[in-house]
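What follows is one structure encoded as C-alpha cells, with my remarks underneath.
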Amino acid sequence: MTPILSVRQVAKRYGQRYGCREVSFDLYPGEVLCIVGESGSGKSTLLSTLAGKLAADEGEVTFRDVNGTEHDLLTLAEADRRRLARTEWGFVTQHARDGLRMNVSAGANVSERLMALGQRHYGELRATAGEWLEKVEISAERLDDRPSQFSGGMQQRLQIARNLVTKPRLVFMDEPTGGLDVSVQARFLDLLRRLVHETGIAVIMVTHDLGVARLLAHRTLVMQQGRVVEAGLTDQILDDPQHPYTQLLVSSILQA
Amino acid sequence: MTTLLIDAQNVSKTFVLHQQDGLALPVLDDVSLQVAAGECVALVGPSGAGKSTFLKALYANYLVQAGTIGIFHRGAWVNMATALPHQIVEVRRHTLGYVSQFLRVIPRVSALDIVAEPLVEWGESQEAARVVAGEWLARLNISERLWSLPPATFSGGEQQRVNIARGMIAPRPILLLDEPTASLDAANRAVVIALMQEAKARGAALVGIFHDEATRDTIADRLFTVPLARRLDTAKELTA
C-alpha cells in the first residue's frame, strides 16, 4: 500500500521560534491519525501547515491524488492547492461557525462544494444534500433551516456533511469534539467512526483528549514543544508509553 | 504435520518508568513460544511473572526491545515487533483477536452493534452482522431486552460476555484470551469453554491466561511457564 500523504522533516517558524519542527510520518488510505499534546505543543500549527493553511518553512509534504499523481504541497501553485482542497481534502474546524456559512441554509452549506465542482442541477443538489443530512443524523426536513437554528452538536455534524459530500480522501480535523457536551460527543464519535469505515477516508485529527484518540485513531503522534516525541499504534502509546512526556500525559488522565 | 500460526522468538521486554527516576523493570527475558493451528496454550507462572505482558506483546499492544513476534497472516509471516501501525491494524482485523477483561467502546452504542462491528469491518452488511451478533449474545445468555442498550450500565459479567462475543464473532485464526472466564458463573463459563473448543476445532490457535484451573485443564493442550526475568529483586519490589 502506498501512503496518501508523506511528511518529511516539516517545520514551521514563527519568527525565531519553531511552532513545529522535524515532523515526519506517512499516512495510509483509511487510516485515522490523532495528534495529541497539551496546548502550545504545536499540534494545531502542524495540522494547519499540512493542510496548507500555513506555509511551511522546511521539509517536504507529498500528497498522492486519486489518480496516483504526486503533488509536492509546499511548492504547489495556489490554484492547484485550491483545486485539491475542494476535491480531495476536507477541513473540519473546532468551532462549527468557522467552518460553516451561517447566513445560508443547511442545504446550501452541504451543496457548496458540489457546486464548486460544477454540479448545477438544483433537484440533484437538493437530493444529495438531503441524503447527507440524514447520514449525519439530521432530518432532511431541516434542509432550508440556517445553521444558526441548530444546536452545537448538529452544527458539527453539518460541518462533517459539508466536508464529506464530495467524497474527499483526506480530512483534517481540529479538535472536532472540543466544543461538544460529553453526551453529544459520544454520538458524534460513533458517527465519525462509521463514516470513516464506510467512506475509507484518511483522517488527521488534533485532539487533547486521549480518550477520543483511543476510540477513533489507529495511530497517534504525541507532540511536545513543537516536536513529535512519540509515534505509533494508539493503544500501544496509551498502554505502554515510552517517552517521559507520554508517560506523564497518560498517567494524568482522570478515571471516570 | 502441524501448521504454525505463532512463532515468537527471544522476546525481551523491560519497562522504564521515567516518573520513578527511570527505574528499569525487566519483565520478559528471552521468551520463545510457538503455537500451532488447533492448539490451545495456557500461560502460567506466578503473579508478576509477565503472563499478561507476554500476551500483550503478542498483540503488539506492548513494545518489545528484542526478539521477533511472528504471526502467520494471510499466507505470510508478519513480525509484529517491527510491523508498521497500519500493518498491525490489518493483522488484528483479519487474523489476531484479543479478548480482554475490560470492555472499551464508544459510549451510547448498543451492545448489538458493538458485537457486530468486527463482522462489519470484514465487509458484512450491518443487518447481516446484527443477526449473527444476536445469535452470539443469545448464546452467551444476554437477555434480548438488553441488546439495544449500551453496555455501560451492564453488570461486570454481562460486560465481559459482550466483550467475548465481540472478540470471537469474527472467526480469526488466532485468539489471545486474558482471563476470559474471570467473572462468570458456572453456566456461562461452560458456554465460553464450548466457544473456545469450537474455535480450536475450526483450526484456530489459542493463547490464554486462565486463572481458573478447571477451565485451564479443560481447554489447554499444554502449559507454558513464562520464565521470570533475571533481575527479580527489582521486579519483586514493584509487584509486592
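Summary table
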item: Near pairs, Cβ below 8 angstrom, 6+ apart or cross-chain, from region A:189-207 (in contact (Cβ under 8 Å) with a residue 24 or more places away in the chain) to any residue that is part of a strand (DSSP E or B) and among the aromatic types (Phe, Trp, Tyr); result: A:VAL203/A:PHE172; A:ILE204/A:PHE172; A:MET205/A:PHE172
item: Members of region B:127-159 that are within 24 Å of A:SER183 (Cα to Cα) and polar (S, T, N, Q); result: B:SER148, B:THR153, B:SER155, B:GLN159
item: Unmet requirement for A:ALA217, which otherwise passes all of (1) over 23 Å from B:TYR98 (Cβ atoms); (2) among the small types (Gly, Ala, Ser); (3) in contact (Cβ under 8 Å) with a residue 40 or more places away in the chain; result: (1)
item: Residue match in region A:191-199 (condition: part of a strand (DSSP E or B), within 14 Å of chain B (Cβ to nearest Cβ) and either more than 17 Å from the chain's Cα centre (by Cα) or not aliphatic (A, V, I, L, M) (or both)); result: no
item: Elements of type helices (runs of 4 or more DSSP H) contained in region A:95-140, each with 1 or more residues being in contact with a strand residue (DSSP E or B) (Cβ under 8 Å, 6 or more places away or on another chain) and closer than 24 Å to A:PHE172 by Cβ; result: A:96-99
item: Residues of region A:7-53 satisfying the condition of being under 16 Å from the mean Cα position of the chain (by Cα), within 21 Å of A:THR234 (Cβ to Cβ) and of a type in the set (Ser, Thr, Tyr); result: A:TYR28, A:SER44
item: Residue tally, condition surrounded by 22 or more Cβ atoms within 10 Å (Cβ to Cβ) and in contact (Cβ under 8 Å) with a residue 40 or more places away in the chain, over region B:179-191; result: 1
item: Residues within region A:234-250 that are at the interface with chain B (Cβ under 7 Å from one of its Cβ atoms), buried (at least 22 other Cβ atoms within 10 Å of the Cβ) and in contact (Cβ under 8 Å) with a residue 12 or more places away in the chain, tallied; result: 1
item: Verdict on A:VAL66 being assigned by TED's automatic domain parsing to the domain that holds A:GLN185, in contact (Cβ under 8 Å) with a residue 40 or more places away in the chain and in contact with a His (Cβ under 7 Å, 6 or more places away or on another chain); result: no
item: Candidates B:GLN9, B:GLN19, B:GLN34 - the one that is exposed (fewer than 14 other Cβ atoms within 10 Å of the Cβ) and either over 18 Å from B:GLU179 (Cβ atoms) or touching a Ser or Thr at 6+ places or on another chain (Cβ under 7 Å) (or both); result: B:GLN19
item: Pick from region A:208-233, criterion at the interface with chain B (Cβ under 8 Å from one of its Cβ atoms) and not basic (Lys, Arg), ranking: farthest from B:THR82 (Cα to Cα); result: A:LEU215
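The values are calculated or read from the model by the stated rules, or taken from the named source; none is laboratory data. Predicted model, so just to flag it, every value in this text is computed and none were measured. With ideal geometry, Cβ positions are generated from the backbone for all residues, glycine too; neighbour counts draw on all protein chains shown.
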